[in-house]
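Quick notes on the structure that follows.
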Amino acid sequence: MPILPPDYRYCPHCATQLSTRVEEERLRQYCPNCRWKYYPVPATAVAGVCVRLDQVLMAQRGREPFLGTWMFPAGFVEFGENPSEALAREFMEESGLIVLKTSLVDILQSHDDPRSPNHFVIFYLAEAAGEIRNVDVDENKGLRWFSITDPPEIGFPTHQQIMKRLQTGELRWTT
């Protein structure tokens, strides 16, 4: 099933009914009055791979999708927020940890999340300070450090991919 962006009817700036035309080989909506063009874009999420010694921090999902499975601390980037700021906010909101330093790992597209199909997930290695505590009990059943060699069941396929890279030693801090 192809995933389509929202089909807006009226311009968000002047309330004129939108028209469509082919532009850049795509059918695009635009406003014939104020010339606004609608460029649909996927959502963006961030996830932090926080390693201490031979352990990695994981959060157990307290809601769907993938209820009960584990993932790296993660969340959606809010409008106007820088991805690294979003990661720091998510870490504080979920674990109480303060992110000190990040390093970009990869950007993967998530095809398995019905909340925002085909969104991008920006993965970071994250160095964080503090003691973990489950700050968001509605979102997380728990937070725990796991051995990198013996992780729990991970639900999201993108998080599974990153865990495999962590286990092979491919992921490490670069200077």
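Just so it is clear, none of the values below were taken in a lab; they were calculated from the coordinates. For clarity, every value in this text was computed on a predicted model and none was experimentally measured. Neighbour counts are summed over all protein chains in view; Cβ atoms, including those assigned to glycine, are modelled from backbone coordinates with ideal geometry.
Numbers at a glance
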{"item": "Correct choice for Rg/Rh (Cα atoms, Kirkwood Rh) that was computed from the model, options (i) 1.07; (ii) 1.23; (iii) 1.16", "result": "(i)"}
{"item": "Environment charge at residue 81 (Cβ cut-off 11 Å; Lys +1, Arg +1, Asp -1, Glu -1)", "result": "-2"}
{"item": "14 Å beta-carbon shell around residue 19, net charge (K/R +1, D/E -1)", "result": "+3"}
{"item": "Length-normalised contact order of the stretch 1-40 in % [C-alpha pairs under 8 Å, at least 6 apart]", "result": "32"}
{"item": "Within the stretch 61-119, GluC sites (Glu not before Pro) in DSSP loop having at most 12 other beta-carbon neighbours inside 10 Å", "result": "78"}
{"item": "Qualifying lysines (Cα of each under 27 Å from Cα of residue 164; at least 8 residues distant if same chain)", "result": "101, 141"}
{"item": "Helix-only [θ]222 nm of the chain, DSSP H runs n ≥ 4, -39500 (n - 2.57) each, per residue, nearest 500", "result": "-4500 deg cm²/dmol"}
{"item": "Relative contact order %, the chain, counting alpha carbon pairs below 8 Å whose residues are six or more apart", "result": "22"}
